[in-house]
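The values are calculated or read from the model by the stated rules, or taken from the named source; none is laboratory data. Here the structure is a predicted model, which means the values were calculated and not measured. Neighbour counts are summed over all protein chains in view; Cβ atoms, including those assigned to glycine, are modelled from backbone coordinates with ideal geometry.
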Amino acid sequence: MDKLKQLESFVSVATRGSLTAAAKAEGVAPAIMGRRLDALEERLGVKLLVRTTRRMSLTHEGSAFLEDCQRLLVDFANAEASVSAGGVKASGHLRITAPAGFGRRHVAPLVPKFRELHADVTISLNLSDRVVDVAGEGFDCAVRVGEMPDSSLVSVRMADNRRLCVASPAYLQRHGTPQHPTDLAKCACLTLSSDASQTRGWAFQVDGEVIHLKPGGPLDCSDGQVLHDWCLNGFGIAWRSTWEVEAEIAAGELVTVLSNFDAPPNGIYAVFPQRKHLPLRVRLWIDFLKHSYSQPEFWGGARKA
């Protein structure tokens, strides 16, 4: 149990940013939190946090370990709940948010199926491409796609999200196929104009290193579906997720370009506010999402829908 308490303390300090805040939340002295962190780092033989008089920041190893710890603690809480809840049924109102495009395809179809299993739960689904303040706006859970920024939210990785460049055969026939990511500077690239999306640009792996480019072109839009349609109609090259374009690639309507430079996948996450006791309906929803996304046939069925 001491090991579990060390993990809980590490997550609390890392997400709250200070020993004092984490100690206050638990009702113990900061020195106790400090001793737990010291013991954890000594046991692992690695530095997880850099501590200064003003703030604490995660090391590279600490950042990777934080995600694993959050997932383990959620799984542990779920295991306890499945035993202690016994015959208790999930109930109450569940508020979920997700990005518009992904949410339409891969969250909305699951909502009524989840409610069939838990009839006492009512559900509100919000689809928006802005970065929703989950805790501030009263949401129980958000589905997010892409890199996870530092946050006080707990995140659980549920699936990989791979990005790739695509264009229509007609566009490539007229303008040629780029052979290197730097060739995109001479192409008509269809980019998102939203400040909340793709702020780092398009990601590629070149000589074993991930680089980010911000290509431009004569057309941009804040709506990903519009970029998708423009790409299909031969107006340029787009950088899209596989779940958006696999059907068109299979049908020959779109062609992948620069596949030798595809960056490693980022993630699809469920995120939720840090809570000591997560409501059963939220735990069950996250488990339901994770199970659904782990099934290869789910993505195939979604593409055919």
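Please go through segment 13-35 and give me each residue that is in contact (Cβ under 8 Å) with a residue 24 or more places away in the chain and either of a type in the set (S, T, N, Q) or more than 21 Å from D68 (Cα to Cα) (or both), ordered by number.
T15, S18
For a quick check of your reading of the model, give me the residue pairs whose first member lies in segment 36-47 and is under 12 Å from F65 (Cα atoms), whose second is among the aromatic types (F, W, Y) and loosely packed, with under 13 Cβ neighbours inside 10 Å, with beta-carbon atoms closer than 7 Å and at least 6 apart or on different chains.
Between residues of segment 36-47 that are under 12 Å from F65 (Cα atoms) and residues that are among the aromatic types (F, W, Y) and loosely packed, with under 13 Cβ neighbours inside 10 Å, there is no close pair.
Report the residue count in segment 47-59 for those that are out of contact with any helix residue (DSSP H, G or I) (no Cβ under 7 Å at 6 or more places or on another chain) and either modelled with pLDDT under 85 or not assigned by TED's automatic domain parsing to the domain that holds L19 (or both).
The number of residues fulfilling the criteria is 6.
Do you know which of the residues in segment 83-100 that are touching a helix residue (DSSP H, G or I) at 6+ places or on another chain (Cβ under 9 Å), at pLDDT below 85 and not hydrophobic (A, V, I, L, M, F, W, C) is farthest from D133 (Cα to Cα)?
Applying the filter and picking the extreme gives K89.
Quick check on A203: is it modelled with pLDDT of 85 or more, outside any strand (DSSP E or B) and of a type in the set (A, V, I, L, M)?
no
Applying the selection to segment 25-48, what residues are assigned to a loop (DSSP other than H, G, I, E, B) and either closer than 13 Å to E8 by Cα or within 30 Å of the chain's Cα centre (by Cα) (or both)?
So the first thing to find is which residues in segment 25-48 are assigned to a loop (DSSP other than H, G, I, E, B), and the list is 27-29, 45-48.
Scanning segment 25-48 gives G45, V46, K47, L48.
Count, please, the residues in segment 110-129 that happen to be of a type in the set (G, A, S) and at pLDDT 85 or above.
2
Being surrounded by fewer than 18 Cβ atoms within 10 Å (Cβ to Cβ) and within 20 Å of L153 (Cα to Cα) is the filter here, so list the residues in segment 17-48 that pass it. I'd like the intermediate steps shown before the answer.
Going residue by residue through segment 17-48, those that are surrounded by fewer than 18 Cβ atoms within 10 Å (Cβ to Cβ) are 17-18, 20-21, 24-32, 34-35, 38-39, 42-47.
Result: G17, S18, T20, A21, K24, A25, E26.
Report yes if V210 is loosely packed, with under 13 Cβ neighbours inside 10 Å, of a type in the set (A, V, I, L, M), more than 23 Å from R105 (Cβ to Cβ) and touching a residue at least 24 places away in the same chain (Cβ under 8 Å), otherwise no.
When the stated conditions are applied, V210 passes them.
Just one of (1) in a helix (DSSP H, G or I); (2) modelled with pLDDT under 80; (3) of a type in the set (A, V, I, L, M, F, W, C) trips up V132, so point out which.
So the condition that V132 fails would be (1).
Do we find that R144 is under 25 Å from the mean Cα position of the chain (by Cα), touching a residue at least 40 places away in the same chain (Cβ under 8 Å) and either under 29 Å from R16 (Cβ atoms) or assigned by TED's automatic domain parsing to the domain that holds S12 (or both) in this structure?
So R144 fits the description; yes.
Can you give me the ranges of the strands (runs of 3 or more DSSP E) entirely in segment 217-305 with at least 1 residues that are over 30 Å from F204 (Cβ atoms)?
266-272
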